[in-house]
Structures are given as C-alpha cells and as structure tokens.
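Visitor: After the structure tokens below, expect a handful of questions from me.
The values are calculated or read from the model by the stated rules, or taken from the named source; none is laboratory data. The structure presented is a predicted model; accordingly, all values stated were derived computationally and were not measured. Don't worry about glycine lacking a Cβ; one is built from the backbone with ideal geometry, like all the others, and counts go over all protein chains shown.
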Amino acid sequence: MECISVFDMLKIGVGPSSSHTLGPWRAAERWIKELKATNKFDKVESITVDLYGSLSLTGKGHATDYAILLGLSGADPEYIPVESIDVIIAAIKNTSVLAFNNERPIPFDIKTDIVFNKKFLPFHANALVFSAHINGRRHRATYYSIGGGFVVQEERKNSKANKIIFYCTFPYPISTGKELLKFCNDLKLPISGVVLENEKSIREEAIINSELQRIWDTMLECMYVGCHTEGNLPGGLNVRRRAYDMYQKLKGDTPYTTPVEWLNSIRNTDVKFRQILKWVSCFALAVNEVNASLGRVVTAPTNGSAGVIPAVLMYYLVIENHDGNFEDIKRFLLVAGEIGSIFKKGATISAAMGGCQAEIGVSSAMAAGALCELSGGTPEQVLVAAEIAMEHHLGMTCDPIGGLVQIPCIERNAMGAIKAINACELALDTDPNNVKVPLDKVVNTMWETAKDMNTKYKETSEGGLAVGVHLSDC
C-alpha cells in the first residue's frame with residue numbers, strides 16, 4: 001500500500017517550482033548524503049550535473065541551476081534566509097568555486113558544469129544526473145524530480161509502469177476516495193479525523209500541531225509579503241506585481257505590524273460582496289508573486305500552485321468565519337493533504353507529466369474539499385467538492401511563457417481558488433447519492449488525460465502561450 005503523509009504534500013521551500021527548484025535542490029542534498037555514506041565525499045575533485053527533459057527545457061526559467069548550486073552548497077530550502085540566495089549564487093559565478101556542502105571548496109563553472117540536455121529519459125520527464133569525478137573516474141547518480149518536491153531514484157521493477165511506491169505504516173491506509181469514505185464510516189470520524197489518526201501513528205500530536213502551525217505561519221507570511229511588495233518580478237518578462245496594487249484598494253484602516261495582526265485587521269474590514277472575489281484573488285496572487293521571485297512558500301501540492309490553498313483558507317478565516325482558529329486551520333490542512341495524496345497515488349501532481357491540471361487542478365480539488373469540511377459538509381460531500389473542482393480543470397495545459405512561473409501561472413492560482421470555493425458551494429447543495437462522477441473516476445480520468453496530452457503542453461515551453469506569445473511582446 002502506498003503511504004503519503006500530509007507533510008509530504010505540504011512542504012516549506014523556496015520558489016519558483018517544486019519539481020524544477022525544490023526537487024533538484026533536494027536531489028543534490030540526497031546525493032551528498034550518498035557520497036558521504038560511501039566514503040566518496042572527501043575524494044570528489046569536481047562535479048558535473050546533466051539535466052534532461054522538462055528540467056532542461058524550462059530549467060533556466062525555473063531557476064533549476066540555482067537550486068542545484070544551493071543544494072550542493074549545503075543550504076536548506078526550509079530555513080535559508082532568502083536574501084542570502086543571490087549572495088551564494090554570485091560568489092560561485094564570480095569565483096568558479098563551490099563550497100561543497102559548505103565544507104570544502106571545489107572548482108565549479110556554472111556555464112559548463114551544468115549541462116542542459118533537451119532529450120528525455122524514459123522513467124520521468126524531470127531527470128538529473130550528478131557526476132563526481134574521482135581519480136579520473138566518473139561516479140554517476142540519477143534522480144527524478146516527480147512533482148511536489150518528491151525525489152526518487154529509478155526502481156527497475158517499476159520503471160516501465162512509471163510507478164513510485166511509498167511504503168505505508170498507517171493504520172488506515174488510503175489510496176482511493178472509496179477507501180477513505182469506508183474508514184470515515186467505520187470510525188465515525190470526519191476526513192480530518194481519519195487523517196489525524198494516521199499521522200498520530202508516526203509522530204506525536206504535539207509535533208503535528210507545531211508543524212501544521214509552521215506551515216500556516218509560512219502561508220500567512222507569504223501572503224503578507226506579497227501584499228506589501230511592489231514593483232516588477234524578476235526574469236525578463238517585466239510582469240508587474242498586482243497583489244500590492246489590489247491590496248491598496250481593498251485594505252481598511254486598522255493598524256498592524258505583523259502577519260497575524262494583518263489577518264485580524266482584514267477581519268475587521270467591512271468587506272463588500274463584490275470585493276470577496278478580489279480578496280481571494282489578491283491572496284492567491286500574493287503567494288505566487290513571492291514564489292516567482294524565489295521567495296519562501298509552501299508547496300501545496302506544488303510551488304506553481306502554492307497560492308490556491310492559502311487563499312481559500314484565508315477566505316474562510318476572513319469572510320466565512322471570523323472566529324476560525326487553529327483547530328479549523330488544522331482540519332483544513334489535514335483534509336487538503338489527504339485529497340492531494342489520493343491524486344498523487346492515482347495520477348500525478350507533476351505538470352511535466354500531466355500539464356497544469358496536475359497542479360492547479362489538484363490544488364483546487366484539495367482546497368475545495370477542505371473548505372467543504374469546515375463548512376459542515378459530510379465526508380461524501382467533501383469528495384464531491386474535490387471532484388467538481390478537478391472536473392473543471394481536466395485537460396489544462398502547462399505552457400509557461402519563457403519557462404517562468406509567471407504567465408499564465410500566477411493568474412491560474414486565483415482562478416483555481418475561485419473554482420474551489422464555487423465547487424464547495426455546489427457540493428454542499430448536492431446529494432452525494434445523485435452524483436454520477438465519483439472522485440476516483442475523475443482521478444483516473446485525469447491520469448488518462450495526462451498520458452494522452454501532447455508533450456509540448458507539459459511544462460516544456462514548446463506549445464500554447466509559450467510559443468503564442470514571444471518574449472519581445474512582453
């Protein structure tokens with residue numbers, strides 16, 4: 001049975017991409033650990049890194065090369081001060097020397113030692129090969145960034161099926177919506193309750209609470225930073241940050257100095273009906289503008305779709321329930337994480353494998369289901385909400401202009417958040433007995449759609465808006 005924790009689905013990291021930035025970063029860390037375990041680390045004379053497939057085609061726009069350098073330098077994406085990223089990269093560029101795991105200097109030329117190969121390897125669209133040169137010999141290790149910051153090495157027995165196995169120790173193992181509902185009925189628990197019981201089997205509840213609080217604090221700070229930062233995004237498209245401008249038109253007069261005080265100030269703002277969509281859009285845009293500028297975000301379930309879940313949770317706290325507290329946040333994140341894991345196990349959360357339906361579509365489904373439980377929905381209605389949200393993202397392509405997680409990615413987070421709220425409302429007025437398309441069917445359909453989708457619409461910048469709009473037009 002496959003097993004994925006909510007903390008696998010919701011990871012703290014640095015933007016702009018979970019598969020193209022966080023994944024390669026983690027792969028570099030993992031490679032270093034393996035070199036140390038085999039007593040090769042101290043013998044490494046030089047390093048080369050080869051990128052394949054989508055990592056090669058859109059790696060520059062996703063800062064894949066920078067992520068690899070940071071990982072090889074021993075920096076942790078969860079805790080590195082984001083302002084130090086440019087300093088580390090500049091030092092390597094200027095000196096052609098890398099502080100390997102921040103322990104020993106080795107020569108490294110970013111222009112020649114990271115190679116962008118356009119061809120694809122068979123196991124997954126996001127592949128990278130690390131090579132350590134020791135005494136005239138080349139020691140290679142191949143990794144695959146499979147979406148959401150997950151990194152694996154190829155398993156021969158599963159390579160043809162393109163299948164990744166997560167071995168499970170949960171007392172209530174879940175791979176489908178049907179199995180989830182059975183546990184809810186057997187245990188007489190809501191979805192969040194079943195997920196919590198699974199999480200408690202591998203860590204204490206106090207740790208679960210502290211980690212979920214840290215995830216929410218990161219989400220809140222991300223929205224706060226995005227709403228208070230103006231100017232253009234980096235990357236060459238000259239995209240103006242819009243969250244700042246929107247927030248200036250929406251904000252009230254209550255003073256604040258911290259993200260938590262900011263949240264309370266919005267709760268005290270008289271929000272007109274027509275402003276609700278603007279607030280939700282503002283929150284989503286804020287997160288993904290921070291993500292696009294190599295800021296710290298929560299992968300939910302990916303960086304490119306990181307704005308949907310915090311925007312919908314913020315909607316609940318500032319529009320639907322001013323008395324909402326940590327217990328509500330906890331339930332929301334637990335439900336969202338479980339729905340995301342069902343999509344990961346039954347389909348994919350990698351745009352390089354499934355297009356944007358695998359990112360914005362999944363995040364919208366996660367948010368819709370989570371909001372539905374907080375709004376009083378039954379477990380059956382929660383899965384209906386998730387199904388509705390995904391159903392109306394099926395076939396969405398991933399076609400970033402210039403390989404940057406900006407156009408159309410940032411706006412898509414706002415649209416995914418709005419769809420999630422709408423899906424929740426529809427589900428709350430739906431009798432699950434009358435539903436024709438269960439969640440498991442739409443998960444399977446999403447995967448079949450992903451397999452049928454032309455490669456050029458899977459995060460390669462070779463189709464759609466990526467070729468329909470030229471950089472010179474921007």
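Visitor: Quick one: in segment 90-108, of everything that is assigned to a helix (DSSP H, G or I) and more than 30 Å from the chain's Cα centre (by Cα), which residue is surrounded by the most Cβ atoms within 10 Å (Cβ to Cβ)?
Guide: T95
Visitor: Right, something else. If we scan segment 369-384, do we find a residue that is hydrophobic (A, V, I, L, M, F, W, C) and under 17 Å from the mean Cα position of the chain (by Cα)?
Guide: Among the residues of segment 369-384, at least one is hydrophobic (A, V, I, L, M, F, W, C) and under 17 Å from the mean Cα position of the chain (by Cα), which makes the answer yes.
Visitor: Determine which member of the set K441, K436 is of a type in the set (D, E, K, R) and assigned to a helix (DSSP H, G or I).
Guide: K441
Visitor: Kindly indicate whether M415 is of a type in the set (A, V, I, L, M), more than 20 Å from K182 (Cα to Cα), outside any helix (DSSP H, G or I) and modelled with pLDDT of 95 or more.
Guide: Here the answer is no, as M415 does not meet what is asked.
Visitor: Just checking, does segment 437-445 include any residue being more than 26 Å from the chain's Cα centre (by Cα) and in the same structural domain as A365 (by TED's automatic domain parsing)?
Guide: yes
Visitor: Residues of segment 349-397 being touching a strand residue (DSSP E or B) at 6+ places or on another chain (Cβ under 6 Å) and either under 15 Å from A300 (Cβ atoms) or modelled with pLDDT of 95 or more (or both), which ones?
Guide: Matches in segment 349-397: I349, S350, A351, G355, C356.
Visitor: Sticking with this structure for a sec: Would you kindly identify the helices (runs of 4 or more DSSP H) lying entirely within segment 321-409 that contain at least 3 residues that are farther than 22 Å from S18 by Cα and acidic (D, E)?
Guide: Because the criterion is at least 3 residues that are farther than 22 Å from S18 by Cα and acidic (D, E), the helices (runs of 4 or more DSSP H) in segment 321-409 that meet it are 379-391.
Visitor: Does V437 count as more than 23 Å from P379 (Cβ to Cβ) and surrounded by fewer than 18 Cβ atoms within 10 Å (Cβ to Cβ)?
Guide: no
Visitor: Does segment 450-466 include one or more residues that are surrounded by fewer than 19 Cβ atoms within 10 Å (Cβ to Cβ) and under 25 Å from S175 (Cα atoms)?
Guide: Yes, there is a match, as at least one residue in segment 450-466 is surrounded by fewer than 19 Cβ atoms within 10 Å (Cβ to Cβ) and under 25 Å from S175 (Cα atoms).
Per-residue answers, yes or no, for (1) modelled with pLDDT under 95; (2) under 15 Å from F116 (Cα atoms); (3) of a type in the set (K, R); (4) in a loop (DSSP other than H, G, I, E, B):
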position: I4; (1), (2), (3), (4): yes, no, no, yes
position: W31; (1), (2), (3), (4): no, no, no, no
position: V49; (1), (2), (3), (4): no, yes, no, no
position: L55; (1), (2), (3), (4): yes, yes, no, no
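Visitor: Please return the ranges of strands (runs of 3 or more DSSP E) entirely within segment 109-168 where 3 or more residues are in contact with a helix residue (DSSP H, G or I) (Cβ under 9 Å, 6 or more places away or on another chain), surrounded by 13 or more Cβ atoms within 10 Å (Cβ to Cβ) and at pLDDT 90 or above.
Guide: Strands (runs of 3 or more DSSP E) meeting the threshold: 114-116, 126-134, 137-147.
Visitor: Kindly indicate which of V87, V49, V82 is outside the structural domain of E197 (by TED's automatic domain parsing), surrounded by 16 or more Cβ atoms within 10 Å (Cβ to Cβ) and of a type outside the set (G, A, S).
Guide: Every option except V49 fails the conditions.
Table: residues versus (1) within 20 Å of K278 (Cβ to Cβ); (2) surrounded by 21 or more Cβ atoms within 10 Å (Cβ to Cβ); (3) in contact with a Leu (Cβ under 9 Å, 6 or more places away or on another chain).
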site	(1), (2), (3)
T299	no, yes, yes
A311	yes, yes, yes
M314	yes, yes, yes
L317	yes, yes, yes
F332	no, yes, yes
V335	no, yes, yes
I339	no, yes, yes
G346	no, no, no
